[in-house]
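Everything on this sheet refers to the single structure shown next.
The values are calculated or read from the model by the stated rules, or taken from the named source; none is laboratory data. Model, not experiment: these values are computed from the prediction. Glycine gets a Cβ as well: all are built from the backbone with ideal geometry, and neighbour counts include every protein chain shown. Remember, those area values only see protein heavy atoms, side chains included, never the ligands or the DNA or RNA. Shrake-Rupley method; radii C 1.70, N 1.55, O 1.52, S 1.80 Å.
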Amino acid sequence: MDCMSRLLNSEAGEWRGIMIQEKQSFIHFISNTACRSLIEEVELTPKPGLVDSENTGAHEDLSIELMKASAESLEETFAEIAEISYGERPSQFIREKIAAIGRAGEERMFEVTSGVNTHKGAIWAIGLLVSATAFGKGMDPLEKTISNAGKIARYPDRNCPVTSTNGGKVIAKYNVNGARGEAQLGFPHISLYSLPMLKQCRSQGMTEDNARLAALLSLIAHLDDTCILHRGGPEALSFAKKEAAALLHNGNLHRIKSLDDKFIKRNISPGGSADLLAATLFLDKIKSYKRVCEVEEQRKCSYK
C-alpha cells in the first residue's frame, strides 16, 4: 500500500470513529432527554388530578417516587429506539422495530412498578418522537420531526398482539381519536396548543413552571382525553375542558390548586394530557439541542 492510500485509509478510519462517537453521544442525549422530560412532567406542581410533589392526584396506586422510577427504567428503551432509527426514514420496518422495543420497555416498566401502568401512553408518544428525531440526528426542523412521527404511526404494526385495553374501549365507545389517532394525525394538540402556549407564556415573562402549567391546561382544555373518559365519561371530560379553559382565559393560574381539589373529588385524571405535556417538553429540549449544535458548528467554522 502506497503512502497516499495509507493516508486516505487513516483519514477514513478517523472519520468513521468521529461519526460513531457523534452517534453514541446523540443517543445518550436523546434517551436522557426523554426520561428527563417524563420526570419534569411528574415534578411539575400543582397539577390538576395528576401525581405531583404535593399529592397523588386522583390515583391511589401511584406515587411520585414510583413515577420517577418508571421514567428512569425507560432510558434504555428510548436509547434502543434512537439507535435503530438513527439516519433512517419512516418505514414499515422502523414502525415494527420500535413497536417491539416499546413492548419490551413496557415489560421493564411493569417490573419496576409491580404491574401499575405509569407510562404506557408516554412510551408510545415519546417513542415515536425519539425515532423521528433520530431520523434527522436532531437537526431537522421541529415541524418535520413531528410530521415524521405521524408518518411512522400511520404504518400498521402487523406483530401487535390483539388485546383489550381501557383506551381501546373508550375510543370505540365515544368515537374519539385516543393516543394512536393523535399520533397518526401528527400530534395536532402539541403543534396547535401546548408548544405555542409554552412559547407565548415565556415571552410574557411567566416563570417556567407557570408556562408549563399553562401548556398542560391548554391540552386539557382541547384534548378528548381517554383517561378522563374512562374514569368519568363525557360529563367529566366536558367539566375538565371547561374548567381548564376558564383558568387560561382568566389568567388565574394561582387557582390551579383549587382545580386539583375539584378533579380529585370527581376522580378526574388527565393522563393523556400529561403524556402530551411530557412530549411537549421533550420537543422543546430537542429544539434547544439543534440551536446549540448550529452555534457549535459556526464556532468551528470560524477557526478554519
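Determine whether GLY138 is within 19 Å of the chain's Cα centre (by Cα) and not β-branched (Val, Ile, Thr).
Yes.
Out of everything in the range 183-193 that is in a helix (DSSP H, G or I) and farther than 16 Å from ILE123 by Cβ, what residue ends up being most open to solvent (accessible area, probe 1.4 Å)?
Among residues in the range 183-193 that are in a helix (DSSP H, G or I) and farther than 16 Å from ILE123 by Cβ, the one most open to solvent (accessible area, probe 1.4 Å) is LEU192.
Surrounded by 18 or more Cβ atoms within 10 Å (Cβ to Cβ), charged (D, E, K, R) and free of Cβ contacts under 8 Å to residues at least 60 places away in the same chain: does that describe GLU88?
No, not satisfied.
Regarding ILE94, is this residue open to solvent by less than 10 Å² (accessible area, probe 1.4 Å), modelled with pLDDT of 95 or more and either closer than 21 Å to LYS285 by Cα or of a type in the set (Phe, Trp, Tyr) (or both)?
Judged against the criteria, ILE94 is not a match.
Filter the range 40-85 down to the residues that are surrounded by fewer than 18 Cβ atoms within 10 Å (Cβ to Cβ) and in contact with a Lys or Arg (Cβ under 9 Å, 6 or more places away or on another chain), then identify the one that is nearest to GLU107 (Cα to Cα).
In this case the residue turns out to be GLU76.
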